[in-house]
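To keep things clear, I will list the structure first and then write my remarks on it.
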Amino acid sequence: MENTILDRLTDDSGFFLVPRSEIASFQSKYQQIRLIDTASFGLCLILDGKVQSTQADEFIYHEALVHPAMLAHPGPRSVFIAGGGEGATLREVLRHPTVEEVVMVDLDEEVVDICRRYLTSWHQGAFEDPRLRLVHMDARAVLDEEGKRYDVIVLDLSEPVDDGPSYLLFTQEFYELCRDRLQPGGVLVTQAGCPSLIYSLPFHSITVTMERVFGRVAPYEAFIPSFASNWGFTLASLGKLPPEVPEGERSKRLASLKGGLRFLDAGYLPAMFNQPKYQKENRGKVGRVIRDGKPLIVI
């Protein structure tokens with residue numbers, strides 16, 4: 001089919017999208033950017049050939065990424081976001097009434113610009129919130145040079161493709177920097193790739209690497225229809241892990257969020273952390289420690 005987009009998981013598997021129309025397609029300084037409209041998922045943002053999020057189900061990904069980490073901290077006031085150009089991760093962080101400051105660092109200003117223009121249902125005006133400081137630099141450099149410490153760090157990164165902008169944000173050295181930039185009791189979460197039975201190297205390697213740095217980690221999953229798969233996240237904490245927060249407290253905190261949620265509730269949250277037996281067994285078998293000198297690269 002003409003103009004079909006194939007998002008590969010392995011050399012011989014993946015899924016496809018057929019654009020109904022092409023809104024934008026161009027090469028920025030850092031990556032290939034495409035914004036398309038589809039019949040099934042509505043608007044879709046694609047970076048370097050990888051689907052980032054779609055209009056129909058972005059709420060699942062962004063709620064799953066943000067709220068377990070925010071709930072694991074007793075009262076997050078300062079939050080650092082790496083990536084997140086759509087503004088939806090920012091939107092979810094700002095729902096929490098305790099938040100006083102958000103530093104969002106996305107290297108590619110052109111991604112943010114096109115998202116601000118077209119993806120209004122994603123960001124819902126979050127870029128105009130006075131609590132935000134938006135920076136277009138390398139997130140690793142900002143954390144290193146500014147030295148500021150945060151209650152929560154959210155890594156909403158594009159996948160680590162070869163020569164892409166994010167592959168050095170999945171390494172032991174970067175996670176060590178993040179650990180040093182967390183306040184006592186701080187929490188870090190990252191999207192961690194597809195926990196597929198046929199290809200789970202990124203998911204397990206990210207988890208193994210974070211475990212080496214933080215000790216206490218909790219991998220979890222959520223099904224994202226536009227990814228045609230469960231999607232993995234890994235959370236590390238210097239305090240509590242999300243399942244350790246009592247359900248009554250989770251319910252109270254979720255009820256306080258501005259605007260309400262569509263995916264996550266207090267009862268469902270622990271279920272995301274209950275992984276099948278093969279996933280637990282494969283962590284040590286499949287995963288490897290990711291280093292700056294031996295980064296993780298996906299297809």
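What follows is calculated from the coordinates using simple rules that are stated; it is not laboratory data. Everything numeric here is computed off the predicted structure, so don't read it as measured data. When we count neighbours, we look across all protein chains shown, and the Cβ atoms used for this are built from the backbone with ideal geometry, even at glycine.
Once the C-beta distance of Asp113 and Asp144 is scaled by a Förster radius of 30 Å, the resulting FRET efficiency is 0.70 to the nearest 0.05. Note on Ser13 and Tyr278: the model spin-label points, each 7 Å out from Cα along the C-beta direction, lie 0.9 nm apart.
Rg then Dmax, both in Å and based on the Cα atoms of the chain: 17.8, 53.
Classification of the range 199-260 by its C-alpha gyration tensor yields an oblate form. The axis ratio a/c (a ≥ b ≥ c) is 1.5 or more, and b/c is at least a/b.
Over the chain, what is the mean sequence separation of C-alpha contacts under 8 Å (at least six apart), divided by residue count, expressed as relative contact order in percent? Numbers along the way, then the final one.
Values: 622 pairs, mean separation 54.7, N = 299.
Reported relative contact order: 18 percent.
I need the Kirkwood Rh of the range 251-295: take the reciprocal of the average 1/r across all distinct C-alpha pairs and report it in angstrom. Before the final figure, lay out the partial values.
Working: mean 1/r = 0.0716 Å⁻¹.
About 14.0 Å, per the Kirkwood formula over Cα pairs.
Is the shape of the range 69-225 best called rounded, prolate or oblate, per the rule: a/c under 1.5 gives rounded, else a/b larger than b/c gives prolate, else oblate, with a ≥ b ≥ c the square roots of the Cα gyration tensor eigenvalues? Here the range 69-225 falls in the rounded category.
Post the alpha-carbon centroid distance, the range 39-77 to the range 184-250, in whole angstrom. For the range 39-77 versus the range 184-250, the Cα centre distance is 14 Å.
Per-residue extension of 0.36 nm, minus the Cα-Cα distance of Ile23 and Glu176, leaves a gain of 51.1 nm for this segment. Packing, taken as the mean count of other beta carbons within 10 Å per residue, orders the peptides 5-17, 264-276 from highest to lowest as 264-276, 5-17. Given +1 at the Cβ of Lys and Arg, -1 at the Cβ of Asp and Glu and no other charges, the dipole of the range 24-113 around its Cα centre is 160 debye to the nearest 20.
Of all beta bridges DSSP finds with both residues in the chain, what is the antiparallel percent, to the nearest 5? Kindly include the intermediate steps, with their values, before the conclusion.
On the way: 36 of 56 bridges.
Of the beta bridges lying entirely in the chain, close to 65 percent run antiparallel.
For the range 5-54, the Cα-based Rg and Dmax, in that order, read 10.9, 30 Å.
Compactness ratio of the range 186-296: Cα Rg over 2.2 N^0.38 Å, N = residue count?
Details: Rg = 14.9 Å, N = 111, 2.2 N^0.38 = 13.2 Å.
Relative to the rule-of-thumb radius for its length, the range 186-296 sits at 1.13.
Based on DSSP H runs of at least 4 residues, each adding -39500 (n - 2.57), what is the mean residue ellipticity at 222 nm of the chain after dividing by all its residues, to the nearest 500 deg cm²/dmol? Numbers along the way, then the final one.
Numbers: 10 runs with 90 residues, N = 299.
After summing the helix terms and dividing by the residues of the chain, the value is -8500 deg cm²/dmol.
Karplus-derived 3J(HN,Hα) values for the range 243-252, using 6.51 cos²θ - 1.76 cosθ + 1.60 with θ = phi - 60°, are x, 7, 7, x, 4, x, 5, 4, 4, 5 Hz; glycine and proline are entered as x. Under 1.5 on a/c is rounded, so check that first for the range 132-183, then, if it is not, pick prolate when a/b is larger than b/c and oblate when it is not; a ≥ b ≥ c are the square roots of the alpha carbon gyration tensor eigenvalues. In terms of gyration-tensor shape, prolate.
About the centre of its Cα atoms, the chain shows a dipole size close to 960 debye [charges on the beta carbon of Lys, Arg (+1) and Asp, Glu (-1) only; nearest 20 debye]. With both labels modelled 7 Å from their Cα along Cα-to-Cβ, the Ala56 to Gln124 distance reads 2.1 nm.
Sequence-ordered 3J(HN,Hα) estimates for the range 75-92 from the Karplus curve with 6.51, -1.76 and 1.60 and θ = phi - 60° stand at x, x, 10, 10, 10, 10, 10, 9, x, x, x, 5, x, 7, 4, 4, 3, 6 Hz, glycine and proline given as x. In a fully extended conformation the segment linking Arg291 and Lys252 would gain 10.1 nm over its present Cα-Cα distance, using 0.36 nm per residue. Antiparallel beta bridges, as assigned by DSSP with both residues in the range 45-176, represent about 20 percent of the total such bridges. Under a 5 Å amide H cut-off, with hydrogens placed 1.01 Å from N, Leu182 pairs with Tyr150 among residues at least 5 apart or on other chains.
If you run the Gaussian network model on the chain, springs between alpha carbon atoms under 10 Å, then out of Gly232, Gly259, Gly49 the most flexible one is Gly259.
Taking the number of Cβ atoms within 10 Å of each Cβ as an exposure proxy, the fewest-first ranking of Val111, Val187 is Val111, Val187. When the charge dipole of the range 11-67 is built from unit charges on Cβ atoms (+1 for Lys and Arg, -1 for Asp and Glu) and taken about the Cα centre, the candidate among Ser13, Ile60, Gly49 whose Cα reaches farthest toward its positive end is Gly49.
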